[in-house]
Amino acid sequence: MIPFADQLSHLLGHAFSKLGLDPALGGVVRAQKAEFGHFQCNGAMAGAKQLGKNPRDLAQEIASQVSHDPLIGSCEAAGPGFLNIKVSDQSFCLQGQAIAADPRAGAQWVDVPRKVIVDYAGPNVAKSMHVGHLRATIIGDSIKRIYRFRGDQVWGDAHFGDWGFQMGLLITALAQEQPSLPYFDPDFSGPYPESSPVALDDLERLYPIAAALAKTDAHARDLARKATAELQAGRPGYRALWCHFVAVSREALVREFKALGVTFDLWLGESDADPLIEAMIKDLEAKGLLQDDQGARVVFVHDKMVPKKDGGEGPNVAPLLVVSSEGSAMYGTTDLATIVDRVARFGVDLIIYCVDQRQSDHFETVFRAADKAGYMPRSGLDHIGFGTMNGRDGKPFKTREGGVLKLHDLILMVQEKAQAKMDEAGIGLDWPNQERADIAHKVGIAALKFADLHNFRGTSYIFDLERFLSFEGKTGPYLLYAAVRMKSILRKAEEAGYQAGSVGLLESAERDLILVLDGFEYALRGAYEKRAPHHLADHAYQLAGAFSVFYAACPILGATEAGLRSSRLTLVRASLNQLLIALDLLGIEAPERM
Ligand code: ARG
């Protein structure tokens, strides 16, 4: 299926080229206002300038060239030289039918598939996820789905934060609390206990205390740095203990991701890059890129010097810290080695990092270093940042007590509230409890994800559960409701033995619906090219809206004539299939009924 805009651009482009002009001038866009038609083309103005002609005359000429085409209902020159285009009814019917017959609901494939890794969520050892991880998780998951759907070969990687200074902090904090554990005895010859000496709760309790202490106490900081370096150098007790940290954290995290409906194809950690670091450092050395900087070893990646706040001059991009003065690998070191690994193991063409935009400097540094060292071109690396989910005070969302809300608690809260809303609306009061709970979960997750994804990712937004969960307006539950309504129509049609059939067009609401369905491919391209799921979220919302106008204006099961009914059933099928695909690409699942 080829979207109208592509068909029209091709047709008009041909007309322009026949006059010796660039076919790109024939590009059309959706008309701004319904009274201008369905699409418009503005190329005659630029074309006329090149030919030294009156733009309105040129527009007229193009119009008369294309008007006979079966695609065109009407094509008129307007204003200073615009072309206002209406698609023919016959084309509307064919398009509606083609979308309904297409399992991909009108979506195309990318011309040249690439190998892509989406690095998202970035959970850490010792930290159960909180609202701050929500955006990295759901935006990244959606990007992964969109890329895969368009035909790329995609791996989602959690890039588990299981290495580096935090590990040293945890080791020293536990050594303080339980010094007699065998992990700390350098003479212990094993084997180490199989069960973990700590639960996730212990890690979560120890970590913030240790982190805070290290900020103020130089001795504590030195101990943690030393422990980090020893862990990385392979000290057996520390390695054994670290394995426990990783295992207990991971188990809890996987549970939370599952509740969000998020999975990963790879669960590699920062630690997995460690075995590559030594060779990478040698390579950087050999390429003359590694330089000493106050005891540490860095790669300079700036391209100019700029004035600094304190009056001096400094590089415009911070250097990449590869080896700290204690000899440890740093966050950026593992990121660089992970690039080397991803290229070697997966042959990736593109890595998309879905990480808080406050890390943009970090990524700029890593990407430049990767480019400079010849590991991966800068153009194959993209950090897609995002804003924060804020409380009503406009600051990153906190609980009423001022703490950070854990993701697990957030999901429970949303689900409970969704259940209460459904009860209030009298939805499914006599359905089985298990089904009710499942619907509430789906509604809750749809509310959270859609509220996030319908904003451009760069903007921050305010956490307002009441609004997210509303059944009206631009919300997840509204979209689920639309999907469920479509499903119910199709169920009833089946019960009555009604068949879907060829599309014959009558009402303007039907044209409008097909016009929206036709825009799916463009929404996908936008989401894909700009790496911004909101294009797709917008589309899903428009589709639900156009469907509800159609539903109100055009009797379906109650249509007086069988041909009309079967035509409308085809449109319902096309709408449902496309809406479910769009929702799935946003990571949202619709229940059977609600
Ligand atoms: N674990 C990191 C954090 O919590 C995020 C990891 C993002 N991905 C990466 N490749 N650096 O800040």
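Under a plain spin-label model, where a point goes 7 Å from the Cα along Cα-to-Cβ, how far apart in nm are E561 and D265?
Taking the simple label geometry, E561 and D265 are separated by 5.0 nm.
Using 1/(1 + (r/R0)^6) with R0 = 22 angstrom and r between the beta carbons of I462 and D409, what's the FRET efficiency to the nearest 0.05?
My answer for the efficiency is 0.70.
Which value, in Å³ per residue, describes the convex hull spanned by the Cα atoms of region 46-93?
For region 46-93, the hull spanned by Cα atoms encloses 60 Å³ per residue.
With a 1.4 Å probe and all protein chains in place, put M129, M594 in order of accessible area, largest first.
Numbers: M129 0, M594 25 Å².
Final ranking, largest accessible area leading: M594, M129.
Once you have all Cα-Cα distances for region 2-82, histogram them in 5 Å bins from zero and send the whole-percent values.
Taking every Cα pair in region 2-82, the percentages come to 3, 17, 29, 30, 15, 5, 1.
Name the shape class, rounded, prolate or oblate, that the alpha-carbon gyration tensor gives for region 500-588, where a ≥ b ≥ c are the square roots of its eigenvalues, rounded holds for a/c under 1.5, and otherwise prolate holds if a/b is larger than b/c and oblate otherwise.
On the way: a/c = 2.59, a/b = 2.41, b/c = 1.07.
Judged from the Cα gyration tensor, region 500-588 comes out prolate (a/c at least 1.5, a/b above b/c).
Solvent-accessible area per residue for the chain at a 1.4 Å probe radius, Å²?
In whole numbers, the chain has 45 Å² accessible per residue.
Which peptide among 225-236, 527-538 comes first, and what is the full order, when sorted by highest mean count of other Cβ atoms within 10 Å?
With the highest mean Cβ count within 10 Å placed first, the list reads 527-538, 225-236.
R0 = 22 Å: FRET efficiency of L51 with V29, Cβ-based, nearest 0.05?
Numbers: r = 23 Å, r/R0 = 1.03.
E between L51 and V29, to the nearest 0.05, is 0.45.
Using a Förster radius of 60 Å, what is the FRET efficiency between V112 and D187 based on their Cβ-Cβ separation? Nearest 0.05, please.
The value I calculate is 0.50.
Stick to the Cα atoms of region 56-174, pair each with every other, and give me the Kirkwood hydrodynamic radius in Å at one decimal.
For region 56-174, the Kirkwood estimate is 19.6 Å.
How much length would be gained if the chain were fully extended between L19 and H68, taking 0.36 nm per residue of separation minus their Cα-Cα distance, in nm to one decimal?
15.9 nm
Sort 141-147, 520-526 by the packing proxy (mean of other Cβ within 10 Å over each peptide's residues), most packed first.
By packing density, highest mean first, the sequence is 141-147, 520-526.
Counting only protein heavy atoms and using a 1.4 Å probe, what share of the accessible area of the chain belongs to carbon plus sulfur, as a whole percent?
52
Which of the trypsin sites (Lys or Arg not before Pro) found in region 20-95 are in a DSSP loop and have at most 16 neighbouring Cβ atoms, other than their own, within 10 Å?
Sparse-neighbourhood loop trypsin sites (Lys or Arg not before Pro): K33, K53.
Along the Cα→Cβ direction, 7 angstrom out, place labels at K395 and N316. What is the inter-label distance in nm?
3.5
Rounded to a whole number, what is D in µm²/s for region 404-518 from Stokes-Einstein with the Kirkwood radius over alpha-carbon pairs (37 °C, 0.692 mPa s)?
Estimated via Stokes-Einstein, D reaches 198 µm²/s.
Let's test this: bin the Cα-Cα distances of the chain at 10 Å from zero up to the farthest pair and state each bin's percent.
It works out to 3, 14, 20, 22, 18, 12, 7, 3, 1, 0, in whole percents.
Take peptides 247-255, 393-401, 118-126 and line them up by average Cβ neighbours within 10 Å, highest first, as a rough protection proxy.
Those peptides, ordered most packed to least, come out 118-126, 247-255, 393-401.
Can you pull a Stokes-Einstein diffusion coefficient for region 244-309 at 20 °C (1.002 mPa s), Rh from Kirkwood over Cα pairs, as a whole number of µm²/s?
On the way: Rh = 16.1 Å.
D, rounded to a whole number, is 133 µm²/s.
Mind checking the full-extension length gain between K215 and E194? Use 0.36 nm per residue of separation minus the Cα-Cα distance, one decimal, nm.
4.3 nm
Report the extension gain between A420 and D438 in nm, rounded to one decimal, defined as 0.36 nm multiplied by the number of residues separating them, less their alpha carbon distance.
The span from A420 to D438 would gain 5.1 nm if fully extended.
Need one number: % antiparallel among DSSP beta bridges in the chain, to the nearest 5.
Taking every DSSP beta bridge with both residues in the chain, the antiparallel ones total about 55 percent.
Tell me the net charge near S74. Cut-off is 14 Å between Cβ atoms, S74 excluded, with +1 for each Lys or Arg and -1 for each Asp or Glu.
On the way: positive: K86, R511; negative: E35, D69, E76, D89.
That sum, taken over residues with Cβ under 14 Å, equals -2.
The values are calculated or read from the model by the stated rules, or taken from the named source; none is laboratory data. Bear in mind the structure is a predicted one, so any value in this text is a computation, not a measurement. Note that each Cβ is placed from the backbone with ideal geometry, even for glycine, and that neighbours are counted across all protein chains shown. Each accessible area value is taken on the protein alone, full model and side chains, heavy atoms only, with ligands, DNA and RNA left out. Shrake-Rupley method; radii C 1.70, N 1.55, O 1.52, S 1.80 Å.
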